[in-house]
Amino acid sequence: MSRGASVPYGRGRWTAAILLGKYLSAAAAGIVLGLILTWFVIDRKKGFGSIAAGPWTSFSRIGATDVEPYSRAILAYYGETPLSESQAISFISYVDSSGAEFNAACDYALSGEVPPARYWTLTLYSPEGALVANPANRYGFTSNEILRNAEGQFEITIAPHARPGNWLPSGGASRFVLVLRLYDSDLSVASGTIEAAKMPVLVKGSCE
Amino acid sequence: MNTADRLLGTLIWVLAVLAIAGVTHIVTILTLPAFASKDIYAWIGELAKPAQLGVEPHAQPGSQLVPFADPAIVQAVCPFDLSQGGLRLHADVEGDRFLSLSFHTPQGKLFYALTDLAAREGRIDIVVLTAQQLEAVEADDDEENPSQDLRLLPPTLRGFVFINALADVLGEREEAERRVRSVSCGLEPIVEE
């Protein structure tokens with residue numbers, strides 16, 4: 001005897017409706033989850049091509065000739081025209097060295113090592129990649145213009161208001177990101193790992 | 001329906017959600033470039049005609065051509081269309097100043113790149129050609145006196161070249177702009193037999 005025959009007609013319809021509801025809810029939940037995943041990858045510039053080192057993430061495979069699909073999607077979404085890996089390696093940071101997201105009301109000190117490169121530049125952007133207007137008209141530093149101490153070490157202060165030394169204004173941005181670019185660097189990201197100790201540290205200072 | 005049935009039902013539902021999420025994610029990631037890249041490079045056509053150099057305006061708040069542009073970089077673009085002939089690029093490299101050239105398809109995909117470190121005797125000479133144009137050029141080659149040109153065969157008939165110079169100090173933009181403008185980009189007439 002088949003199972004359906006023992007179930008009254010009305011209940012059969014009811015079961016079918018529940019089943020249809022289950023299919024539809026699975027499809028809807030799946031699509032939403034898939035879109036959230038894609039949004040997260042694009043928003044945070046994450047993907048299989050990215051390499052993390054302390055607070056820094058490199059998406060520089062984007063500039064290679066064999067770009068993987070994640071980097072291609074990120075690149076297309078932002079409309080960047082990146083330099084190739086042989087020319088520049090880029091690192092982006094959304095967080096300080098403790099892993100907390102940047103707060104534009106706070107001071108941050110960037111210091112420590114920068115991997116060897118012919119030049120490097122540090123630039124502050126909004127999370128969408130826009131330069132942030134500020135009265136000093138300063139949007140970043142190059143390795144040749146920062147002030148260093150007698151030992152050749154340096155510290156860059158990212159702060160909303162003027163600070164002595166290397167001051168990088170975070171301006172009126174509510175959220176900001178930092179991008180460190182190494183031009184003509186021997187550093188190879190092809191191996192997939194970079195020691196965090198060889199990258200600058202970002203320490204949070206006082207907040208307003 | 002007992003507990004095991006219910007658990008199994010829930011498990012199947014969760015697996016279905018995950019499978020659909022995976023497919024949605026992969027499809028959106030793969031199709032995003034096709035949707036997004038259509039107009040990304042439209043500004044290039046407004047900046048320069050094929051085989052002409054156009055210097056991009058200074059990246060400043062509120063007037064950026066592209067997001068995440070490095071304000072220390074001065075960038076020029078030279079589009080090419082090989083149906084009109086080859087493209088010749090020449091740059092004189094000065095001392096130790098950073099200069100780079102990158103070659104892209106109309107969709108932005110990189111197919112070749114080099115920096116001033118690749119210069120020979122302070123010069124960079126590059127010709128971008130189709131396979132037929134290369135044949136014609138090679139037929140004319142002088143074997144005693146081989147050409148020093150780097151010959152590139154792009155995967156597409158059209159595309160663009162980015163020329164980048166780095167301003168050591170953010171204020172020294174004029175100097176970097178002068179180095180970018182000194183790069184010549186022009187049509188290479190080729191007589192096909």
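Nothing in this text is a laboratory measurement; each read-out follows from the coordinates by a stated rule. All values derive from a computational prediction rather than experimental measurement. In this analysis, Cβ positions are derived from the backbone assuming ideal geometry, glycine residues included, and neighbour counts consider all displayed protein chains.
Points worth noting:
- Cα pair distances of region A:131-208 binned at 5 Å [whole percent]: 3, 11, 20, 23, 19, 13, 8, 3, 0
- Taking each residue as 0.36 nm, the span from B:LEU18 to B:GLN107 lengthens on full extension beyond its C-alpha to C-alpha distance by 28.8 nm.
- Its DSSP H runs of at least 4 residues, each contributing -39,500 (n - 2.57), put the calculated 222 nm mean residue ellipticity of chain B at -10000 deg cm²/dmol, to the nearest 500.
- More than 19 Å apart - percent of Cα-Cα pairs taken over region B:48-101: 44
- Two-decimal ratio, the protein assembly as shown, of alpha-carbon radius of gyration to 2.2 N^0.38 Å: 1.24
- Extension gain for the segment B:LEU153 to B:ARG120, taken as residue separation times 0.36 nm less the Cα-Cα distance, is 9.8 nm to one decimal.
- Derived scalar couplings between HN and Hα for region A:32-40 equal 4, 4, x, 5, 4, 4, 5, 4, 4 Hz in order, rounded to whole Hz, by the Karplus curve 6.51 cos²θ - 1.76 cosθ + 1.60 (θ = phi - 60°), x for Gly and Pro.
- Mean projected area (nm²) of the alpha-carbon convex hull when region B:128-193 is viewed from all directions: 6.3
- Relative contact order for chain B: 27 percent, from Cα pairs under 8 Å spaced at least 6 residues apart, divided by residue count.
- Ranking A:THR123, A:ALA104, A:ALA16 by how far each Cα lies toward the positive end of the dipole of the protein assembly as shown (charges on Cβ) leaves A:ALA16 at the top.
- Calculated Rg and Dmax of chain B using C-alpha coordinates, Å: 24.0, 89
- Length gained on full extension, A:ALA196 to A:ASN103, computed as 0.36 nm times the residue gap minus the Cα-Cα distance: 31.3 nm.
- Cα-centred dipole magnitude for region B:137-193, charges only on beta-carbon of K, R (+1) and D, E (-1), debye, nearest 20: 660
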